Every structure is written in C-alpha cells, then in structure tokens.
1. Restricting attention to segment 134-169, which GluC sites (Glu not before Pro) occupy a DSSP loop and are surrounded by at most 12 other Cβ atoms within 10 Å?
2. For segment 118-224, run through the trypsin sites (Lys or Arg not before Pro) and keep only the ones in DSSP coil with at most 15 other Cβ atoms within 10 Å of their Cβ.
3. Return one number: the angle in degrees, 0 to 90 and rounded to the nearest 10, between the long axis of the Cα atoms of helix 192-204 and the longest principal axis of the Cα atoms of the chain.
4. Just name one of L216, A198, A158: the one whose Cα is farthest towards the positive end of the charge dipole of segment 155-227 (beta-carbon charges, Lys/Arg +1, Asp/Glu -1).
5. For segment 19-62, which trypsin sites (Lys or Arg not before Pro) are in a loop by DSSP, counting at most 16 other Cβ atoms within 10 Å?
6. Check which residues have an amide H placed less than 5 Å from E76's amide H, if you skip close sequence neighbours.
7. To the nearest 0.05, what FRET efficiency results for R146 and S27 with a Förster distance of 41 Å applied to their C-beta separation?
8. Dividing the alpha-carbon radius of gyration of segment 144-232 by 2.2 N^0.38 Å (N being the number of residues), what value is obtained?
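Just so you know, all these numbers are worked out from the coordinates, no wet-lab data involved. Being a predicted model, the structure only gives us computed values, none of them experimental. Cβ coordinates were reconstructed from backbone atoms using ideal geometry, including for glycine residues, and neighbour counts include every protein chain displayed.
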Amino acid sequence: MKGKGASGAGILEYLNGLQLFSKLNESSARSLADACRFRRLDKGEIVFFQSDPSDAAYVVRSGRISIVLDGPDGREMVIDEMRAGEIFGEIGLLTKKTRSVGAMARSKSELLVIPREPFLRVVDHEPRLARLILDITASRLQKSARREMALAFMDAQARLARHLLALEEQEQEKGYVTASQEDLARGTGLIRQTVAKALGKWRRDGWLLTGRGRILILNRKALEELDTGRLD
C-alpha cells in the first residue's frame, strides 16, 4: 500500500520537526518539501533491493526498516534497523553508487521519500546539513566496524548476546526485545538452529523468557559478561 498521505504543507511541517533539517533556510526547506512525498509500506514490503539505483533518501516517519545485506551463500543479514526520525539511503546519493544494501519494512511503516536531485541541491547550499550527514556517516562506520569485529572474533553466543543487548537499548520498554529467532539469526549471521539452541540454554539458566517474537531479559549482567568475554 503506497501513497502520498499528506499535502506539501504537511511535509514541510514534518521536515521542520526533524533535527537533521530543522535549521534549513526557508527557501531550501520549501524546495525540498515540494519535491518529497510520503510512502506507506506493509510489513515485509521492500523499500529497495541491493544493487538498485540510488534515486532517493528516506526518513522513517513511523514503523521500523531493516537494512539487509545479501550474503554470497544466499542468506540475508540484517545489519541495521532504522526507526522514527532516522534517515537512510543518503550515502548512495552522495557517492552516486548503486545500493550496497537492501531495505525492507520490518513492520507497517511510513517513510518520507526525498528524491536525489532536490536532496543534493539542498546539501550543496546548506553546509550545516552536510556536516550533520557526515556525523551520521561516521557513526554508522563505527557501528559497522564493531559489527565486523564481532563477526570475526566472537563466538556464536557472544555475538547473540551483543545483538540482544543492542536491540534492547533501542526498545522503548527496557528489558524487552521484540524479535523472532529468524530476526536474530539475520542480525548475527548465524543459522536459526544456533540461535534457538542458545536461547533455550539461557532460558533454562534463567537469563531470559521467550514468547511469540518477544524476549524478556532477566539477567542483563550475564549477557553483558558473555558479550565482553568475562563469563566462564
């Protein structure tokens, strides 16, 4: 299900409320708002595929978007998750490269779609916006480096513990993680059976409770110690 969902005035108001775009001068803001539209997606709907042309950037208005990397063995790995107020897809616009990852709606979502040329025109005339985008890029590179280190040097349980803790930090309700075993497998590069085995052990040890796509962390300290390699 797709659609604009709002007038130009509504888009301008939304842009002005975003930290990234809140300091644009009036003409830049209006020009950008006139070029944008809202897009609604159902759960599981694809925003773009890996290797697609980079023709737009996106801001999550509501819902959650998974950033997905296709592996050489055909498996998908979720390498990031975008939530309300966060921008994604902008790097491809700046580098003029095709998409290096894919993006998919993890839940029913709504996005602000920012076409490439209007976005680049505003970046050219707004140095502060360019600096903010560089800050976002640097933060994501650091996050990517930590993820690659985990994949290279951490065993399966430590990787899963780190991923659970990272997901818990993003939840509004602390102590809970909303993710299925398949989601956790995609986020750690593990197979589902390995995830199920680790969760089963931790459940028996009293570290967590599991339900339908929802995990309650009971012993955060144990997961943290496993993550940092201090647990015997």
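1. Working: sites: E148, E168, E169; in loops: none.
For GluC sites (Glu not before Pro) across segment 134-169 that sit outside H, G, I, E and B with at most 12 neighbouring Cβ atoms in 10 Å, the list is empty.
2. Details: sites: R121, R128, R131, R140, K143, R146, R147, R159, R162, K174, R186, R192, K197, K201, R203, R204, R212, R214, R220, K221; in loops: K174, R212.
Hits after loop and neighbour filter: K174, R212.
3. 60
4. Value computed over the given set: A198.
5. Values: sites: K23, R30, R37, R39, R40, K43, R61; in loops: K23, K43.
Listed in order of number, the matching sites are K23, K43.
6. Correct list: G71.
7. Computed FRET efficiency for R146 and S27 comes out at 0.55.
8. Rg over 2.2 N^0.38 Å, computed on Cα atoms: 0.98.
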